[in-house]
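The values are calculated or read from the model by the stated rules, or taken from the named source; none is laboratory data. Bear in mind that the values here come from a model prediction, so they are computed numbers and not experimental data. Neighbour counts are summed over all protein chains in view; Cβ atoms, including those assigned to glycine, are modelled from backbone coordinates with ideal geometry. Side chains included, ligands, DNA and RNA excluded: accessible areas come from the protein's heavy atoms. Shrake-Rupley method; radii C 1.70, N 1.55, O 1.52, S 1.80 Å.
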Amino acid sequence: MKKLDIDKVLKFFPLEKPREVQKHCVAEAVKGWNRGAKFVVMDAPTGVGKSAIAVTLARALEQSYMLTLTEQLQEQYLKDFKQHGLEALKGRGKFVCANGGGSLTCATGKVQFGTKCKACPYKAAKERALKAPHTVANYHSFLFNVGGPQAGFGADEDSGDPHRPLLVVDECHALEGF
């Protein structure tokens, strides 16, 4: 595990200039990382800039998964930080099936047509998201595509293990309900 330098990490801040509270949060996360902590939890009120802090750490570590509870939070990450290498991982139900004449989602199209769709917009978006340095997903999409047993999570590096150095879990208090 590479050690991080707080001043170098702060250069990855995605907005004009970090506020003191943001610098403090980044510094505490870096200290935890450098001590070898497996988990760093940040509990801060709305408006502190937790997403910008997360993106700072993600960019410094070069790869990440960022999980959100809702599609609205996922869209907010993309709106604010897509230019920093973030791509969305969304479910089949969010895409229009290429074989369905514009009236079916890819979820319905898969049931109706199987996996015969050669120009599947869902598959293309999923591939882009998983190849991007920073993938933003809701909990369900992440668990289905990356982090659940059906996705092969926990495999060794030679088998294409999807591990990345950072997993940001936005609204992590909601994990207990999953």
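I need the peptides 93-104, 22-33, 135-146 ranked by packing, meaning the mean over residues of other C-beta atoms within 10 angstrom, with the highest value on top.
Working: 93-104: 14.5, 22-33: 18.4, 135-146: 21.4.
The peptides rank, most packed first, as 135-146, 22-33, 93-104.
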- Message: I need the calculated FRET efficiency for the pair Ala27 and Ala174, taking r as the beta carbon distance and R₀ as 41 Å, to the nearest 0.05.
- Response: 0.95
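Send over the per residue convex hull volume for segment 10-50, Cα only, as a whole number of Å³.
Numbers: hull volume 3.0 nm³, N = 41.
Convex hull volume per residue, Cα atoms: 74 Å³.
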- Query: Relative contact order for segment 1-78: what is it in percent, counting Cα pairs under 8 Å that are at least 6 residues apart?
  - Reply: 37
- Residue (of Ile6, Ala119, Phe39) at the positive-pole extreme of the chain, dipole from beta-carbon charges: Ala119
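Taking a ≥ b ≥ c as the square roots of the eigenvalues of the Cα gyration tensor of segment 1-106, is the shape rounded (a/c under 1.5), prolate (a/b larger than b/c) or oblate? Please list the in-between numbers first.
On the way: a/c = 2.57, a/b = 2.23, b/c = 1.15.
Here segment 1-106 falls in the prolate category.
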- So for the chain, what percent of the C-alpha to C-alpha distances run longer than 24 Å? 42
- Query: Sorted by packing (mean other beta-carbon atoms within 10 Å per residue), highest first, where do 107-116, 46-55 land?
  - Reply: 46-55, 107-116
- Message: What do you get for chymotrypsin sites (Phe, Trp or Tyr not before Pro) in segment 34-78 restricted to DSSP loop and a cutoff of at most 11 other Cβ within 10 Å of the site's Cβ?
- Response: Phe39
- Task: Would you mind getting the accessible area per residue of the chain, heavy atoms of the protein chains only, 1.4 Å probe, in Å²?
- Result: 61
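Sort Glu16, Glu87, Glu171 from largest to smallest accessible area, using a 1.4 Å probe on the heavy atoms of the protein chains. Present the calculation step by step, with values, prior to reporting the outcome.
Values: Glu16 190, Glu87 50, Glu171 70 Å².
Solvent-accessible surface, decreasing: Glu16, Glu171, Glu87.
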- Query: Assigning unit charges at the beta carbon (Lys, Arg +1; Asp, Glu -1) and nothing else, what dipole magnitude in debye, to the nearest 20, does the chain show about its Cα centre?
  - Reply: 480
- Query: How many nm is it between the label spots at Phe39 and Lys116, if each spot is 7 Å from the Cα in line with the beta carbon?
  - Reply: 4.7
- Note on the structure: Expected max-MSF residue from Leu61, Leu78, Leu15 in the GNM of the chain (alpha carbon, under 10 Å) is Leu15
- Query: Where a Cα-Cα gap under 25 Å defines reach, which lysines qualify for Lys82, not counting those fewer than 8 residues away within the same chain?
  - Reply: Lys8, Lys11, Lys17, Lys23, Lys50, Lys90, Lys94, Lys123, Lys126, Lys131
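Remind me, relative contact order of the chain in percent, using alpha carbon pairs under 8 angstrom and six or more residues apart? Don't jump to the answer; show the numbers that get you there.
On the way: 218 pairs, mean separation 43.6, N = 178.
Relative contact order, the chain: 25 percent.
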